[in-house]
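Everything below concerns the one structure shown next.
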Amino acid sequence: MPYTGLSDFITRLDTRGGLLRIKAFFDPLLEISEVADRFSKNGGKALLFENNGTSFPLLINAFGSDERMALALSRTSLEDTARDIENTFASLVNQKLSLRSKIGSLPSLLRLAGYLPSRKRGKGLCQQVIYHQPDLSMFPVLKCWPHDGGRYITLPMVHTKNPVTGKTNVGMYRMQILDNKTTAMHWQRHKTGANHFEEYRKKKLRMPVTVTLGGDPVYAYAATAPLPENIDEYILAGFLRKKRVRLVKCITNDLLIPADADIVIEGYVDPEEDPVLEGPFGDHTGFYSLAALYPKFHVTCITHSSKAVYTATIVGIPPMEDEWLAMATEKIFLSPLRLAILPEIEDMHMPAPGVAHNLVIVKIRKTYPGQGKKVISSLMGAGQMMFTKYMIVVSGETHIRNYSRLTSDVMRNTCFTSDLLFMTGPLDILDHTSEIPALGGKLGIDATEKLPEEIQQEMKGDPGYEDSIVVVPVNLSLDKNAVENAIRDITVRYGDGHKRLCLLVDHSVDRSGMYLIAWQVLGNSDPGRDIKLVTDNTIVIDGTAKVLRKGGFSRQWPNVVCSSDETISAINGKWESSGLGAFIPSPSVKYSRMLFTGKDFADIKS
């Protein structure tokens, strides 16, 4: 059942025990983020900060569990959503139906048409209060991490329109507050908002932009979904909520927005205006994205509902709230991917340490030689999958969410000399490891069960999980040759014929579990530069910080994201008296050991 607005969703969370109302004061400058980080990394509840220095309650971690993510989509489970998508999509793409079957499918297609967004006359709930003299300081905008460039709107739904085609887009691009009437607009060069901006620049026209927050929570998911550029996000939202989205016209521009949004920020971007420095920002990679030039957004009007709630999220070292959005995408978009591009795909998974684009695992139904490599080649160029840095393709009985079993199967089914596909291609702009921004090495691993035609050499050994992965700490701050020395030692030590994956990490990384190790190696390596095959059965991945290598690095190396000691101490002191429940220690205590000197980037000279 669709929600009548965000307050309806909050009530549903509350009645199900999934919400914690916090009446004690917490500052949007760093304190709220530190509390939210502790809850999100420990499977905690959604948090409603009712006392934050403004008249707007702040909701955060609303999507941070499997149950809450399904609830946000008005579903009982994400699996239910995936089945619904698959059945509907099959009706749309199946060209082999008989005439009778096609006629029989018309009711489902007509129902789909009933979910298309529609325009509502007059004003919406989102326009109950109107400010023609807007002031962004009225909102509890977060400063998330100590070295952020300022306060950031972190869960905005940014509405734009292509001036040539008239096609609309709703994207989610962080917005740094510059002053009470302007923000930076962080739409990266690969994003639809940036494409629309370029069209306005060519025409030398001012670009209308409207940002919404809140409303039915399905809108936030739709804004993050990897839809093709010309597909309206509110079609997906309507389908998921089983009710069309009602749109109203903005007050100061011609864009349409959901009538039930909580907050609306209208304005424009002028392509003729010089860009502004945006950032740094503690990003979803777990590292700071460093300052760069982006367009300036001018606010012309603010409206909101009479009981509006400000929505926010924080990102940083995984796991975080955005992991659940990625898990929903795994399930919802698997069927279209399989039916439209690769019918052999059985499942797909983006492990949280891979922060969505660093690692994708795909399971296929294999029927012919070379099929694993074909899938790698196809997916590496499919939509936002083009940003994938590491892709592993498996088949058979491999369980892609059982990591110990997965590792054993990958090692058993992979020949290091013939099953690794290295390439160069586009990377997410936030990737900090490549020598050239947004362009670097990529690796596809064909770990499918091999057919007789594919076996080029005998697979020696059958390593278990414990024996197949070796983690080697190196201290480059003491020895600039530490990586080379470690590789030389590995070459000598592991010549027994058993297959092993050797991971080099900085000595400061917590090695008590594989989660942080995987995050560090995936985030800190460029496959084309940092992988060495030292024997036919031993491979090394250098996951150390390249800023410490001999000769340094061509770009600034970002620091990891964690709270300051002052903020941690402040929250520790307030915890018991603030009704937050059982004490949760700060994750940043462990992460701070990985910090370099400097602020948002490593300053190894200081």
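Tally the residues that are part of a strand (DSSP E or B), touching a helix residue (DSSP H, G or I) at 6+ places or on another chain (Cβ under 8 Å) and surrounded by fewer than 22 Cβ atoms within 10 Å (Cβ to Cβ), restricting the search to the stretch 145-168.
Number of matching residues: 1.
Looking only at residues in the stretch 174-211 that are farther than 25 Å from Gly149 by Cα and basic (Lys, Arg), which one is surrounded by the fewest Cβ atoms within 10 Å (Cβ to Cβ)?
Lys204
Only one of these is among the charged types (D, E, K, R) and over 24 Å from the mean Cα position of the chain (by Cα): Asp274, Asp232, Asp283. Name it.
The conditions single out Asp274.
Is there a residue in the stretch 350-365 that is of a type in the set (Lys, Arg), in the same structural domain as Ile531 (by TED's automatic domain parsing) and crowded, with 20+ Cβ neighbours inside 10 Å?
Yes, the conditions are met somewhere in the stretch 350-365.
Which condition breaks for Ser305 when tested against (1) modelled with pLDDT under 95; (2) in the same structural domain as Val35 (by TED's automatic domain parsing)?
Looking at each condition in turn, Ser305 falls short on (1).
Any residue that is surrounded by 17 or more Cβ atoms within 10 Å (Cβ to Cβ) and part of a strand (DSSP E or B) - is there at least one of those in the stretch 212-221?
yes
Quick one: Leu443 ticks every box in (1) among the aliphatic types (A, V, I, L, M); (2) in contact (Cβ under 8 Å) with a residue 60 or more places away in the chain; (3) farther than 29 Å from Pro336 by Cα bar one, so which box is it?
The one condition Leu443 does not meet is (3).
Conditions: (1) out of contact with any His (no Cβ under 7 Å at 6 or more places or on another chain); (2) over 30 Å from Lys23 (Cα atoms). Asp600 meets all but one. Number of the miss?
Asp600 satisfies all of (1) out of contact with any His (no Cβ under 7 Å at 6 or more places or on another chain); (2) over 30 Å from Lys23 (Cα atoms) except (1).
Here is a list of conditions, (1) touching a residue at least 24 places away in the same chain (Cβ under 8 Å); (2) more than 21 Å from Tyr515 (Cβ to Cβ); (3) not in a loop (DSSP other than H, G, I, E, B), and Ser434 meets all of them except one; can you say which number that is?
Result: Ser434 fails condition (3) only.
Restricting attention to the stretch 554-589, which residues are touching a residue at least 60 places away in the same chain (Cβ under 8 Å), in a loop (DSSP other than H, G, I, E, B) and surrounded by fewer than 16 Cβ atoms within 10 Å (Cβ to Cβ)? Please lay out each step first, then the result.
Kept after step one, since they are touching a residue at least 60 places away in the same chain (Cβ under 8 Å), are these residues of the stretch 554-589: 554-564, 567-568, 570-571, 574, 577-581, 584-588.
Pick out the ones that are also in a loop (DSSP other than H, G, I, E, B) and you get 554-557, 559, 561-564, 579-581, 584-587.
Once the filter is applied, which keeps residues that are touching a residue at least 60 places away in the same chain (Cβ under 8 Å), in a loop (DSSP other than H, G, I, E, B) and surrounded by fewer than 16 Cβ atoms within 10 Å (Cβ to Cβ), the stretch 554-589 yields Ser554, Ser564, Gly579, Gly581, Pro585.
Could you please let me know if Lys41 is of a type outside the set (Ser, Thr, Tyr) and either surrounded by 18 or more Cβ atoms within 10 Å (Cβ to Cβ) or under 19 Å from the mean Cα position of the chain (by Cα) (or both)?
yes
Restricting to the stretch 503-541, count the residues that are part of a strand (DSSP E or B) and under 22 Å from Asp603 (Cβ atoms).
2
So if I check each of Ile332, Ile263, Ile345, Ile302, which one is in contact (Cβ under 8 Å) with a residue 24 or more places away in the chain, surrounded by 20 or more Cβ atoms within 10 Å (Cβ to Cβ) and farther than 24 Å from Leu213 by Cα? Give the steps one after another, and end with the answer.
On the way: Ile332 fails: farther than 24 Å from Leu213 by Cα; Ile263 fails: farther than 24 Å from Leu213 by Cα; Ile302 fails: farther than 24 Å from Leu213 by Cα.
Every option except Ile345 fails the conditions.
Return the residues of the stretch 363-422 that are among the small types (Gly, Ala, Ser) and under 22 Å from Arg338 (Cα atoms); say none if nothing qualifies.
Gly370, Gly372, Ser377, Ser378, Gly381, Ala382, Gly383, Ser395, Gly396
State all residues of the stretch 44-64 that are part of a loop (DSSP other than H, G, I, E, B) and touching an Asp or Glu at 6+ places or on another chain (Cβ under 9 Å); if no residue qualifies, say none.
Looking only at the stretch 44-64, we keep the residues that are part of a loop (DSSP other than H, G, I, E, B), and these are 44-45, 50-57, 61-64.
The answer is Asn52, Gly53, Phe56, Pro57, Asn61, Ala62, Phe63, Gly64.
Let me spell it out: the conditions are (1) part of a helix (DSSP H, G or I); (2) touching a Leu at 6+ places or on another chain (Cβ under 7 Å); (3) not aliphatic (A, V, I, L, M), and Thr398 meets all of them except one. Which number is the exception?
Evaluating Thr398 over (1) part of a helix (DSSP H, G or I); (2) touching a Leu at 6+ places or on another chain (Cβ under 7 Å); (3) not aliphatic (A, V, I, L, M) leaves (1) as the failure.
One residue is enough: does the stretch 19-28 have a residue meeting the conditions in contact with a strand residue (DSSP E or B) (Cβ under 6 Å, 6 or more places away or on another chain), in contact (Cβ under 8 Å) with a residue 12 or more places away in the chain, within 29 Å of Lys590 (Cα to Cα) and surrounded by fewer than 19 Cβ atoms within 10 Å (Cβ to Cβ)?
Yes: the stretch 19-28 contains one or more residues that are in contact with a strand residue (DSSP E or B) (Cβ under 6 Å, 6 or more places away or on another chain), in contact (Cβ under 8 Å) with a residue 12 or more places away in the chain, within 29 Å of Lys590 (Cα to Cα) and surrounded by fewer than 19 Cβ atoms within 10 Å (Cβ to Cβ).
Would you check which residues across the stretch 463-488 are closer than 22 Å to Cys415 by Cα and part of a helix (DSSP H, G or I) and list them?
Scanning the stretch 463-488 gives Tyr465, Glu466, Asp467, Ser468, Ile487, Arg488.
The values are calculated or read from the model by the stated rules, or taken from the named source; none is laboratory data. Everything quoted here is computed from the prediction, not taken from an experiment. When we count neighbours, we look across all protein chains shown, and the Cβ atoms used for this are built from the backbone with ideal geometry, even at glycine.
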